[in-house]
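This report refers to the structure that appears directly beneath it.
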Amino acid sequence: IEVEHFERKSGETKYGFERVIAVIVDSILLYLTDGFVNTARYSLSKLSFIFGAISALLFAISYYQKIINLVFVHRNPLFIIGIVFFIIFLQLFTFSLISFFLENKKND
């Protein structure tokens, strides 16, 4: 289907790079909260397991490189990045557990 577009006669468009970033952030939040149906602790848990999976993948790659390519772990940046992702996983998961217990205590 062909569409005929006309040029704007007055004013400026409000859609710039800032708007694209806002749409991306909203899309991520919609994904994490399943359309804003779930609470924040579910999205924190989901995000923490994403970081945990990335960490496990990076650890597996660095282990493969150690066994096959004889790359030392202390010289492998993937291992350090995996440690950082694992720490983020632990922090987010702990925070989601704390929010779960606080929410249950508030409801009792």
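Nothing in this text is a laboratory measurement; each read-out follows from the coordinates by a stated rule. The shown structure was predicted, so the numbers you read here are calculated from the model rather than taken from an experiment. All Cβ positions, even for glycine, are placed from backbone atoms using ideal geometry, and neighbour counts span all protein chains on display.
Stretch K106-E2 to full length: gain in nm at 0.36 nm per residue minus the Cα-Cα span?
Values: separation 104, 0.36 × 104 = 37.44 nm, distance 5.78 nm.
Length difference between fully extended and current span is 31.7 nm.
Just subtract the alpha-carbon distance of Y64 and S27 from 0.36 nm times their residue separation and send over the number in nm, one decimal.
Numbers: separation 37, 0.36 × 37 = 13.32 nm, distance 3.45 nm.
Computed gain between Y64 and S27 is 9.9 nm.
With axes computed from alpha carbons, what is the tilt in degrees of helix 40-69 against the longest principal axis of the chain, rounded to the nearest 10 within 0 to 90?
Its long axis makes an angle of about 60 degrees.
Enumerate the calculated ³J(HN,Hα) couplings along the range 7-22 in order (Karplus 6.51 cos²θ - 1.76 cosθ + 1.60, θ = phi - 60°), each rounded to whole Hz, writing x wherever the residue is Gly or Pro.
Per residue, the Karplus-derived 3J(HN,Hα) values read 5, 6, 8, 8, x, 10, 6, 9, 8, x, 5, 4, 5, 5, 4, 4 Hz.
When volume of the Cα convex hull per residue in Å³ is calculated directly from the model, which label among (1) 108; (2) 258; (3) 226 fits?
So the calculated entry is the one marked (3).
Mind checking the angle between helix 77-107 and the chain's longest principal axis? C-alpha axes, 0 to 90 degrees, to the nearest 10.
80 degrees
Fewest first, what order do E7, E12 take by the number of other Cβ atoms within 10 Å? Display every interim value, and only then the final one.
Numbers: E7 4, E12 7.
Fewest to most other Cβ atoms nearby, the residues stand as E7, E12.
Output the relative contact order of the chain, whole-number percent, from Cα pairs under 8 angstrom with separation of 6+ residues. Write down the numbers at each step before the final one.
Working: 64 pairs, mean separation 28.8, N = 108.
Computed value for the chain: 27 percent relative contact order.
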